[in-house]
Amino acid sequence: MLTVPEDGFAFCPVRDVLDRVGDKWSLLAILYLGSAEQLRFNELRKNIAGISQRMLTVTLRSLESDGLVARTVYAEVPPRVEYQLTDRGQGLLEAVLHLGQWAKEHAPAILQARQQALAPTKPRSVNDLG
């Protein structure tokens with residue numbers, strides 16, 4: 001059973017991480033980086049459909065600041081920049097893949113429960129009250 005801390009989850013590490021990676025793009029970046037040893041910026045941009053250059057830059061900086069992604073700049077002309085998951089990012093990827101497996105296994109039951117919850121209820125008459 002879960003014990004509620006004295007601060008009432010004022011700072012919850014799980015919520016903090018989910019808030020950070022639960023945006024529209026971060027999880028996709030983590031998944032694509034996890035599927036390759038390393039990727040260049042434009043390779044990531046091509047893989048993540050619909051992401052703008054600016055949004056990918058913001059997303060990668062955020063993941064880098066959390067220590068989930070490493071950025072390597074090569075002194076070449078033109079400059080070459082590659083991204084890869086850190087060990088921490090790899091650990092997050094593994095947890096996300098487990099969550100994905102859980103979601104896949106439970107999706108039919110969850111959808112059924114949603115449909116039942118949203119189904120119109122049968123009106124009750126005075127006679128039904130007993």
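Structure data summary
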item: Residue list for segment 32-65, restricted to those being modelled with pLDDT of 95 or more and of a type in the set (D, E, K, R); result: ARG40, GLU43, ARG45, LYS46, ARG54, ARG61, GLU64
item: Pair list, Cβ under 7 Å, 6 or more apart: segment 9-30 residue free of Cβ contacts under 8 Å to residues at least 12 places away in the same chain, other residue buried (at least 16 other Cβ atoms within 10 Å of the Cβ); result: none
item: Considering residues of segment 60-116 that are under 19 Å from the mean Cα position of the chain (by Cα) and assigned to a loop (DSSP other than H, G, I, E, B) only, the residue surrounded by the fewest Cβ atoms within 10 Å (Cβ to Cβ); result: GLY67
item: In segment 16-54, residue farthest from the chain's Cα centre (by Cα) [restricted to those that are surrounded by fewer than 16 Cβ atoms within 10 Å (Cβ to Cβ) and more than 23 Å from ASP87 (Cβ to Cβ)]; result: ASN42
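The values are calculated or read from the model by the stated rules, or taken from the named source; none is laboratory data. Everything numeric here is computed off the predicted structure, so don't read it as measured data. A quick note on method: Cβ atoms are made from the backbone with ideal geometry, for glycine too, and the neighbour counts reach across all protein chains shown.
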